[in-house]
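Input: a single structure, listed below in structure tokens.
The values are calculated or read from the model by the stated rules, or taken from the named source; none is laboratory data. Every value quoted in this text rests on a predicted model; they were computed, and no experiment measured them. Heads up, the Cβs are rebuilt from the backbone with ideal geometry, glycines too, and the neighbour counts pull from every protein chain shown.
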Amino acid sequence: MKALESLRRRLAQLDEQGLRRVRRTSDSPCIVQPTVDGRPLHAFCSNDYLGLANDPRIARALHEGVELFGTGSGASHLISGHYRVHQRLEERLASFVADHVPQAQALYFSTGYMANVGVLAGLAALDDSVEIFSEQLNHASLIDGMRLARVPARVYAHCDVQALDALLTASKANIKIVVTDSVFSMDGNLAPLPRILALCERHGAWLLVDDAHGFGLLGRQGHGALEHFGLRSEHLIYMGTLGKAAGVAGAFVAADASLIDWLVQRARSYVFSTASPPALAHALLTSLDIIEGPDGMARRERLQSLISTLSQGLRLRRWQRLESSTAIQPIVVGGNEPAMAAARALHELGYWVPAIRPPTVPAGTARLRITLSANHDPAQVAHLAEAVNRIEHSQEAEA
Ligand code: PMP
């Protein structure tokens, strides 16, 4: 078949360019020291930042949830799949942002991807004149949300608040929506949210903050980027994910109650999809208690200390550790093949660190992306830093 032949040719091309993606198969539940394809590894690649994905308290709550509610929700939220425990979870999530968004309500989505496409396409349906302003390094789910929204979208350069100001000033749209990640997923740095919010207030725009890598981690109580920066505004629309630091699955959007009500009417990824299993919502209630409580605080402190261990242990000459104070610690290698070679060399030493290549990052900036978890051991992190140093120095010697 002709179409299949061209598909195979394209896959072979990806192979030649060092861009074909493959999946490694984990055999064990442990995220920081898993057995992968039969071999134990030190993994530095998950988003399980607080080490909660295997927490026995959350696992027990999930079992209990299954006992109480069974395995499936049975229908979408608007038909008959909306359970009291979903409602309780949404109330609890709203309490996480109550200090930052007046009249806050929350809506629980099955995934962060669905939350982002749902909120953008849903809000675009509000008016004939909507314009979206998007940060250059935004996550793919926000970009797909803009595509589904089918309204004019302008991209501003990474963290360039002045460029955003110019775009907002030039816009004649009735409804303006600025969209940004809070923590950039491939760089680990923070968006200048206070300055962006000040602009949004001046221009009457909404600010949608994707806090996938900040929820549970930033702020004293782990409430996320809005707590970290001490922001409060009715212009804020907050998106947090629950499959990363929270250790389970799903995501939520929190905003003014009427905006949330609108999403219940018009966010198609919410309306036309089976509600996530109520047992997950039950487990998430325990996860949120841990995040806010003393154990969550201790985990955030451990993580900060591991970040320092890594940055102090790295002695790089040509590769560059990007400036990042979060659990995402990228080391830019440059070309695709050297980055892949570095990831392979780390794998041979027993470390699982992914090489991130274009199109996920710009050409020429392929990188090792180390992610840390509160469950890592300080010695494990120090050894990783030494291994990276050795590999860089040996690649330099070969060059
Ligand atoms: N936003 C960002 C910034 C992300 O990194 C991700 C996941 N990698 C998502 C949204 C999507 O979240 P989920 O995995 O829950 O679909």
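Here is how the numbers come out for the structure above:
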{"read-out": "Residue match in region 58-69 (condition: surrounded by 12 or more Cβ atoms within 10 Å (Cβ to Cβ) and assigned to a loop (DSSP other than H, G, I, E, B))", "value": "no"}
{"read-out": "Selection within region 56-106 - of a type in the set (Phe, Trp, Tyr) and either within 29 Å of Trp206 (Cβ to Cβ) or in the same structural domain as Ile31 (by TED's automatic domain parsing) (or both)", "value": "Phe96"}
{"read-out": "Tabulated pairs, region 204-221, first at pLDDT 95 or above, second among the aromatic types (Phe, Trp, Tyr) and more than 15 Å from the ligand (Cβ to nearest atom), C-beta under 9 angstrom, 6+ apart or interchain", "value": "Ala205/Phe133; Phe215/Phe96; Leu218/Phe229; Gly219/Phe229; Gln221/Phe96"}
{"read-out": "Cβ pairs under 6 Å, 6+ apart, first in region 170-188 and more than 16 Å from the ligand (Cβ to nearest atom), second in a strand (DSSP E or B) and among the small types (Gly, Ala, Ser)", "value": "none"}
{"read-out": "Hey, Phe96 closer than 18 Å to Gly250 by Cα, of a type in the set (Phe, Trp, Tyr), crowded, with 18+ Cβ neighbours inside 10 Å and within 24 Å of the chain's Cα centre (by Cα) or not", "value": "yes"}
{"read-out": "Within region 219-247, considering residues that are assigned to a helix (DSSP H, G or I) and of a type in the set (A, V, I, L, M), the one surrounded by the most Cβ atoms within 10 Å (Cβ to Cβ)", "value": "Leu226"}
{"read-out": "Lone qualifier among Tyr108, Tyr113 - being touching an Asp or Glu at 6+ places or on another chain (Cβ under 6 Å) and either within 16 Å of the ligand (Cβ to nearest atom) or not basic (Lys, Arg) (or both)", "value": "Tyr108"}
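This table checks each residue for (1) under 19 Å from Asp210 (Cβ atoms); (2) within 16 Å of the ligand (Cβ to nearest atom).
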site: Thr241; (1), (2): yes, yes
site: Ala249; (1), (2): yes, yes
site: Ala255; (1), (2): yes, no
site: Arg266; (1), (2): no, no
site: Ala281; (1), (2): no, yes
site: Thr286; (1), (2): no, no
site: Asp289; (1), (2): no, no
site: Gly293; (1), (2): no, no
site: Met297; (1), (2): no, no
